[in-house]
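The values are calculated or read from the model by the stated rules, or taken from the named source; none is laboratory data. Treat the numbers as computed from the prediction; the structure is a model and nothing was measured. For neighbour counting, all protein chains shown are included, and Cβ atoms are generated from backbone atoms with ideal geometry for every residue, glycine included. Accessible surface is based on the protein model in full, side chains and every heavy atom, while ligands, DNA and RNA are left aside. Shrake-Rupley method; radii C 1.70, N 1.55, O 1.52, S 1.80 Å.
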Amino acid sequence: MIKGIDISNYQAGLNFSTANSMGFDVCIIKATESTNYKNPLLYSQVNAALSSNMKIGFYHFFRNNGTAEAQYFVSKIKPYLSNMKVKPTIDIETAYSYGQILDFISYVESALGVECMVYCNYSYAKQLSLNSEIAKRTLWLAYYGTNDGNYYAAPSNHGFAKFAGQQYSSANYIGSVNVDTNLFNENVYLNGNVVTNPSIDRSSTENTYTVVYGDTLSEIAAKYGIGTSTLASLNGITNPNLIYVGQVLKIPSSSNNTTSVTGGNFKSYTVVAGDTLSEIAVKYGVSISDLADLNGISNINLIYVGQVLRIPSISSTTTQQTQKIYYTVVSGDTLSAIASKFGTTTAAIASLNKISNINLIYVGQVLRIK
């Protein structure tokens with residue numbers, strides 16, 4: 001077995017020479033989290049581990065933003081790829097969707113040319129292995145037993161095709177520094193040559209997508225920033241609820257002015273308690289139907305806490321005069337009062353929203369104002 005540690009900024013002050021003398025040959029370092037956090041000790045930890053003859057790898061703490069997080073991860077580990085000996089890893093410990101995980105894995109594997117490993121606990125492993133594509137990857141399993149510093153064998157029915165090893169304790173120390181300790185096998189190491197000069201823009205040139213288990217047409221459409229009906233029409237699909245694994249879909253390329261969700265034309269918003277889709281749409285000045293279509297939401301009244309929504313950003317070339325403005329009706333509102341509030345006319349709002357009876361609006365109704 002191969003002894004290893006995994007570390008983050010919490011392991012400041014770790015003596016890597018001592019770690020290596022204790023038999024730890026592998027060091028997996030947290031590089032990034034979400035799309036905006038980089039381990040501030042990344043550079044120093046990489047150099048210290050290499051100086052102590054340890055084989056290094058990197059992991060990313062996943063926040064369910066798929067390709068955007070993968071791009072960020074790859075960009076931050078890029079300077080160290082020639083020294084990377086351990087498979088890059090997606091660390092899954094919070095809310096996720098199969099589609100976003102596969103987006104992350106696919107991008108990393110395409111950009112680096114090597115397999116992306118999956119880290120999670122036993123419960124997550126059982127759930128994730130229900131997706132046949134994710135289950136093809138190598139699993140790095142967190143399983144502690146009583147977490148007293150000793151090794152307790154993990155269950156073998158985790159569902160993954162390959163097993164790299166086990167994080168067996170978070171209770172051990174190297175000197176005065178608490179570290180996670182692991183026992184690995186050879187599957188932890190790279191199974192190919194890493195691309196040392198990856199391009200983070202590869203996905204923008206793709207013009208086809210192959211359907212995998214768990215996909216829906218609306219999710220695929222949202223991934224590429226296009227409407228479900230547009231994607232269905234392009235591929236001659238009469239029933240948008242009927243696609244099959246292995247089906248190759250045509251995706252409008254960037255040369256046709258299709259906006260990719262990996263570009264700068266989208267931001268993300270995480271749903272919090274009390275949110276409604278209509279309120280979020282109003283907040284960002286988009287229509288509720290556009291927001292629902294972009295995120296593959298079939299029931300606009302059904303969103304959940306922690307859900308990450310793609311939000312179209314207003315183009316820098318769009319003037320204030322051409323931006324759409326929306327308003328959600330509250331108790332006591334009248335169309336004339338709303339018109340007065342926004343400096344427009346009752347007739348104009350009625351026309352924009354196809355309202356035949358100006359005295360009939362309802363609480364929660366989302367109105368386009370301009």
What pairs can you find where one residue is in the stretch 348-370 and under 19 Å from SER278 (Cα atoms), the other is open to solvent by 100 Å² or more (accessible area, probe 1.4 Å) and outside any helix (DSSP H, G or I), and their Cβ atoms are less than 6 Å apart, with a gap of 6+ or different chains? VAL363/SER331
Subset of the stretch 138-159 that is of a type in the set (Phe, Trp, Tyr) and assigned to a loop (DSSP other than H, G, I, E, B) - its residue that is surrounded by the fewest Cβ atoms within 10 Å (Cβ to Cβ): TYR152
Report, ordered by the first and then the second residue, all pairs with beta carbons closer than 6 Å, sequence separation of six or more or different chains, a first member in the stretch 140-152 that is more than 20 Å from ILE92 (Cβ to Cβ) and free of Cβ contacts under 8 Å to residues at least 60 places away in the same chain, and a second member that is buried (at least 20 other Cβ atoms within 10 Å of the Cβ) and of a type in the set (Phe, Trp, Tyr). TYR151/TYR168
Is at least one residue of the stretch 101-115 over 23 Å from LYS76 (Cα atoms), modelled with pLDDT under 95 and surrounded by fewer than 17 Cβ atoms within 10 Å (Cβ to Cβ)? no
Taking the residues in the stretch 62-86 that are open to solvent by 10 Å² or more (accessible area, probe 1.4 Å), touching a Ser or Thr at 6+ places or on another chain (Cβ under 7 Å) and part of a helix (DSSP H, G or I) as candidates, determine which candidate is farthest from VAL118 (Cα to Cα). SER82
Residue pairs meeting the criteria (Cβ under 8 Å; at least 6 apart or on separate chains; first of a type in the set (S, T, N, Q) and modelled with pLDDT of 95 or more, in the stretch 40-57; second open to solvent by less than 60 Å² (accessible area, probe 1.4 Å) and not in a helix (DSSP H, G or I)): GLN45/ILE7; GLN45/LEU14; GLN45/CYS27; GLN45/ILE29; GLN45/ASN39
For the stretch 116-137, which positions are surrounded by 15 or more Cβ atoms within 10 Å (Cβ to Cβ) and among the small types (Gly, Ala, Ser)? ALA125, SER129, ALA135
Is there any pair linking a residue in the stretch 155-171 that is of a type in the set (Lys, Arg) to one that is open to solvent by 50 Å² or more (accessible area, probe 1.4 Å) and not in a loop (DSSP other than H, G, I, E, B), with Cβ under 6 Å and at least six apart or on different chains, and which? LYS162/ASN187
Return yes when ASN15 is surrounded by fewer than 17 Cβ atoms within 10 Å (Cβ to Cβ) and not small (Gly, Ala, Ser) and no when it is not. yes
With the structure loaded, tell me whether THR270 is modelled with pLDDT of 75 or more, surrounded by 13 or more Cβ atoms within 10 Å (Cβ to Cβ) and not hydrophobic (A, V, I, L, M, F, W, C) or whether it fails that test. yes
